[in-house]
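For reference, the structure discussed in these notes is given below.
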Amino acid sequence: MTHKPNKLRKILADGGLAVGTAVHSWSPNIVEIAGHAGLDFIRIDGEHSWRRDFTAENLIRAAVIADICPVLRVDKGDPYLVRKALEIGAGAVLVPTINTAAECEAVVAAAKFPPRGMRGYCGDCFSADWGTAADKPWVSWSDTEPLIGVMIEHVDAMGHLDEILAVDGLDWVMFGAADYSMSIGLGGPQRYNDKVLEATDEVIAAANRAGVPLALPCEIENAQRYYKMGVQMFEILSDLLTLHETWVEQGKQVRALKKKNF
């Protein structure tokens, strides 16, 4: 994201509803299409896709072109990835599998300049217009506009929810039902298992108490329930799942023509 107000931050601060998706194909074209479709954010998945090259920069440039907030998910345990994500222009950063307040504090510290954090300074980057706007206003913008988020997705985090959500500088949180279901020994991504649904409700309630916006990957048929519970950010089907569902359905409809008499 370039040196301007964060569209997604404003929506959340105003109590609005943000709708986004995720891109797993790493196609800048998909990012632009999402923006032109009117979506508010797009999660670029750097956790399960191996992309530590210029590809992420190209996706973020596409997001700037199409006016959609790029959310870059990075691997846990590497604070330098948080800094790099912000330098290349991520409007939001997401770190997975945060289980304690100390782990959450480490994420925030990696994202903020001193004295709040430990982020190293360099203005020769996309978000500072390649050094042409890298003075105090950019430093202040960097500490206040990009959204810093973490994922709650393991059973070990459940006893620390209030402490995690109380960390100063945490802007949002996402619940990962699939990984949570794995962490309680279900042996697969059972997002609508009763125990997983109970945990989902518990995380939503904790986020509401803390006043921290919560994001949830969600099918359309479940959006109303979670919206009524206070969820502000909804991640609808990713690019790959959307293509799969659309192609399967349209393929069925065309093949069905053979069975009809005209």
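Hey, can you tell me all the residues within the range 202-221 that are loosely packed, with under 15 Cβ neighbours inside 10 Å and either of a type in the set (Gly, Ala, Ser) or within 19 Å of the chain's Cα centre (by Cα) (or both)?
Selection gives 205, 211, 219, 220.
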Of the conditions (1) out of contact with any Lys or Arg (no Cβ under 7 Å at 6 or more places or on another chain); (2) under 28 Å from residue 223 (Cβ atoms), residue 22 fails just one. Which one is it?
(1)
Residue 95 within 22 Å of residue 156 (Cβ to Cβ) and buried (at least 18 other Cβ atoms within 10 Å of the Cβ)
yes
If residue 64 satisfies all but one of (1) more than 30 Å from residue 208 (Cα to Cα); (2) without any contact (Cβ under 8 Å) to a residue 40 or more places away in the chain, what's the number of the condition it fails?
(2)
Within the range 186-207, can you find the residues that are farther than 20 Å from residue 160 by Cβ and of a type outside the set (Asp, Glu)?
186, 187, 188, 189, 190, 191, 192, 193, 197
Test result for residue 22, assigned to a strand (DSSP E or B), among the hydrophobic types (A, V, I, L, M, F, W, C) and closer than 15 Å to residue 237 by Cα:
yes
For the structure I just gave you, tell me whether residue 72 is at pLDDT 95 or above, buried (at least 23 other Cβ atoms within 10 Å of the Cβ) and farther than 30 Å from residue 224 by Cα.
no
Would you be able to tell me the number of residues in the range 69-107 that are more than 20 Å from residue 8 (Cβ to Cβ) and touching a Ser or Thr at 6+ places or on another chain (Cβ under 7 Å)?
1
Here is a list of conditions, (1) at pLDDT 95 or above; (2) surrounded by 15 or more Cβ atoms within 10 Å (Cβ to Cβ), and residue 3 meets all of them except one; can you say which number that is?
(1)
Quick count over the range 232-262, residues being of a type in the set (A, V, I, L, M), surrounded by 15 or more Cβ atoms within 10 Å (Cβ to Cβ) and either modelled with pLDDT of 95 or more or touching a Lys or Arg at 6+ places or on another chain (Cβ under 9 Å) (or both), is 2
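The values are calculated or read from the model by the stated rules, or taken from the named source; none is laboratory data. All values reported here derive from a predicted model rather than from experimental measurement. Neighbour counts are summed over all protein chains in view; Cβ atoms, including those assigned to glycine, are modelled from backbone coordinates with ideal geometry.
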